[in-house]
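Q: Structure below; questions to follow.
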Amino acid sequence: MITVALPKGGLLKDSIQLLQSVGLDFSAFLDPANRQLEIWDASRTAKGLLVRNYDVPVYVEYGQAQLGVVGYDILREKQPQVAHLADLQFGHCRMSVAVRASSPYRSALELPPHCRVASKFVNCASEFFNHLDLPVDIVPLYGSVELGPITGMSEAIVDLVATGRTLKDNHLIELDQLFESTARLIAHPLSYRLNSDGLRDRIEQIRAVQ
């Protein structure tokens, strides 16, 4: 039996459609009336777990799921011990530095040393500013990060941007892009090496429909 960790939110529908194309049906997770977090495929050869995007690599790393679908942003932030298998080419977004549109800054390098930068992606933000050799104070925020600059708590934010609509609606602009992110297929390393339950065959089927 193969267990697949699926992410709640924006990646779920495309993840389920991808798995349906290789014969694994977890579409019950899309039913608004569904409250189950664990369901079986109709063939009873695979099980799906519905978890937060941030938790997908945890379930895979610890072996409770052999496969998972997760955003690259989460992999960059958490650096989990998982096998990175494929770029699934959906869930396109970017990790960016943003500030108030009224601010004088038009590049991350123009930010003042030791200014505050709000982000839930603390490690990604730290890595970026360390690379710039610009010391900043990273403020962890896990809700509406845009409120950091709006309230004056931070000069800037580091956050995911898809269409840019949220930034625009809150009078923020992008300065620099850290990296692009898409959904990725990951696997439990030992299960992948041992080819447990024909795991590699499933992976090759997924790769073939890309």
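The values are calculated or read from the model by the stated rules, or taken from the named source; none is laboratory data. All values reported here derive from a predicted model rather than from experimental measurement. Backbone-built Cβ (ideal geometry, glycine too); neighbour counts: all protein chains shown. Each accessible area value is taken on the protein alone, full model and side chains, heavy atoms only, with ligands, DNA and RNA left out. Shrake-Rupley method; radii C 1.70, N 1.55, O 1.52, S 1.80 Å.
Q: If I ask for residues that are within 21 Å of residue 204 (Cα to Cα), under 20 Å from the mean Cα position of the chain (by Cα) and surrounded by fewer than 18 Cβ atoms within 10 Å (Cβ to Cβ), which ones from the range 14-33 would you list?
A: Those that are within 21 Å of residue 204 (Cα to Cα), under 20 Å from the mean Cα position of the chain (by Cα) and surrounded by fewer than 18 Cβ atoms within 10 Å (Cβ to Cβ): 14, 17.
Q: Tally the residues that are of a type outside the set (Asp, Glu), open to solvent by 50 Å² or more (accessible area, probe 1.4 Å) and touching a Ser or Thr at 6+ places or on another chain (Cβ under 7 Å), restricting the search to the range 172-209.
A: 2
Q: Could you please let me know if residue 161 is within 15 Å of the chain's Cα centre (by Cα) and surrounded by 17 or more Cβ atoms within 10 Å (Cβ to Cβ)?
A: Yes: the conditions hold for residue 161.
Q: Ok, one more. Please list, ordered by first then second residue, the pairs with beta carbon atoms under 6 Å, 6 or more apart or interchain, first in the range 66-91 and open to solvent by 10 Å² or more (accessible area, probe 1.4 Å), second at pLDDT 95 or above and acidic (Asp, Glu).
A: Once the first residue is open to solvent by 10 Å² or more (accessible area, probe 1.4 Å) and sits in the range 66-91, its partners that are at pLDDT 95 or above and acidic (Asp, Glu) give 80/61; 81/61; 82/61; 90/14.
Q: Counting only residues that are in contact with a helix residue (DSSP H, G or I) (Cβ under 7 Å, 6 or more places away or on another chain) and not β-branched (Val, Ile, Thr), which one in the range 92-103 is most open to solvent (accessible area, probe 1.4 Å)?
A: 100
Q: Do you know which of the residues in the range 104-131 that are over 26 Å from the mean Cα position of the chain (by Cα) and surrounded by 17 or more Cβ atoms within 10 Å (Cβ to Cβ) is farthest from residue 67 (Cα to Cα)?
A: Looking at the filtered set, the residue picked out is 105.
Q: Can we say residue 44 is open to solvent by 60 Å² or more (accessible area, probe 1.4 Å) and under 14 Å from the mean Cα position of the chain (by Cα)?
A: no
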